[in-house]
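Notes for the one structure printed next.
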Amino acid sequence: SPTQIARAGWGLSRDPDFWNDLQVSGREFILGYGVAVAVAIPLGLAVGLSKRLQYMLSPFVDTLNAVPRVTLLPLIVIWFGIGIWSKVMVVFLGAVIPILINTQAGVKTSEARFIRVARSFSASKIKIFSSIILPGTVPFIFTGLKYGAGRALLGVVVGELYASTAGLGHMIAEAGNTFQTDVVFFGVLIFMATGLVVVAFLDAFERRFEKWRPDLH
């Protein structure tokens, strides 16, 4: 019941191991998601602008997108061990592909007529990119960031369920094995709340780019 879940949360809040698990999972999410954003957005823009780069990287991107990241977990654990870096890699792989694909799609949907008009006025490539392509790509980038955040949180849970000695996923797994459903629900609520907070932050940040969009009224 909700009251049992609340009591479980209150009990966990006084347990130092819980705060250690929270810190471990938070670090894994921030590192993996942060690296994914830093890699996927510039690479997605570059792939969308360059057909040669697209031909080179698309097979690898499509393959990673088609292969469930869960099936790569045994290899990742062998390569990176059961420490934090294996979970960071799982989070990275979960988030990087949707962000990259959405960014690339945003570049490709740029209005060709706007680009032709800009070129007719002798606009440079940098000016065309900064005034037409990038503003049009921003909604796609934020869509990828929101979807990637969900995949990153999933990566935290899956990575810690499979091979971990700490973290919220590890806590949920141990609670499930001992039939502590109140603790399981409390762990799920933490991940759900984290996802909602991240999406709300991205929505607020996206609204700062509204001035880039044309006023149709």
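Of the residues 197, 24, 138, which exhibits the maximal mean-square fluctuation in a Gaussian network model of the chain defined by a 10 Å Cα contact cut-off? Highest fluctuation among the options: 197. Once both labels are positioned 7 Å from their Cα atoms along Cα-to-Cβ, the gap between residue 192 and residue 79 label points is 3.5 nm.
Where is the GNM fluctuation largest for the chain (alpha-carbon springs, 10 angstrom cutoff): 53, 22, 161? Comparing 53, 22, 161 in the GNM, the peak value goes to 53. With the simple model of a label 7 Å out from the Cα in the direction of the Cβ, residue 174 to residue 23 spans 1.6 nm.
Grab the eigenvalues of the alpha-carbon gyration tensor for segment 135-178, scale each by 5, take roots, and send me the semi-axes largest first in whole angstrom.
Listed largest to smallest, the semi-axes of segment 135-178 are 32, 8, 6 Å.
Using a Gaussian network model of the chain in which every pair of alpha carbons under 10 angstrom is joined by a spring, one finds that among 135, 68, 98 the greatest mean-square fluctuation is at 68. Considering only trypsin sites (Lys or Arg not before Pro) in DSSP loops that have at most 11 other Cβ atoms within 10 Å, the longest stretch of the chain without any of them is 15-207. Straightening the chain between residue 50 and residue 1 buys 12.2 nm, computed as 0.36 nm per residue apart minus the Cα-Cα spacing.
When the Cα convex hull of segment 153-213 is projected onto planes of every orientation, the mean area is 4.9 nm².
So, with a 1.4 angstrom probe, what is the percent of accessible area on segment 46-106 that is carbon and sulfur?
On segment 46-106, the fraction of accessible area on carbon and sulfur atoms equals 73 percent.
Could you tell me the center-to-center distance, by alpha carbons, between segment 141-193 and segment 21-63 in angstrom? That distance is 21 Å. Averaging 1/r over every pair of different alpha carbons in the chain and inverting the result gives a Kirkwood radius of 19.2 Å. Length gained on full extension, residue 199 to residue 62, computed as 0.36 nm times the residue gap minus the Cα-Cα distance: 46.8 nm.
The values are calculated or read from the model by the stated rules, or taken from the named source; none is laboratory data. All of these numbers come straight from a predicted model, not from anything done at the bench. Neighbour counts are summed over all protein chains in view; Cβ atoms, including those assigned to glycine, are modelled from backbone coordinates with ideal geometry. Only protein heavy atoms, including side chains, enter the accessible area calculation; ligands, DNA and RNA are left aside. Shrake-Rupley method; radii C 1.70, N 1.55, O 1.52, S 1.80 Å.
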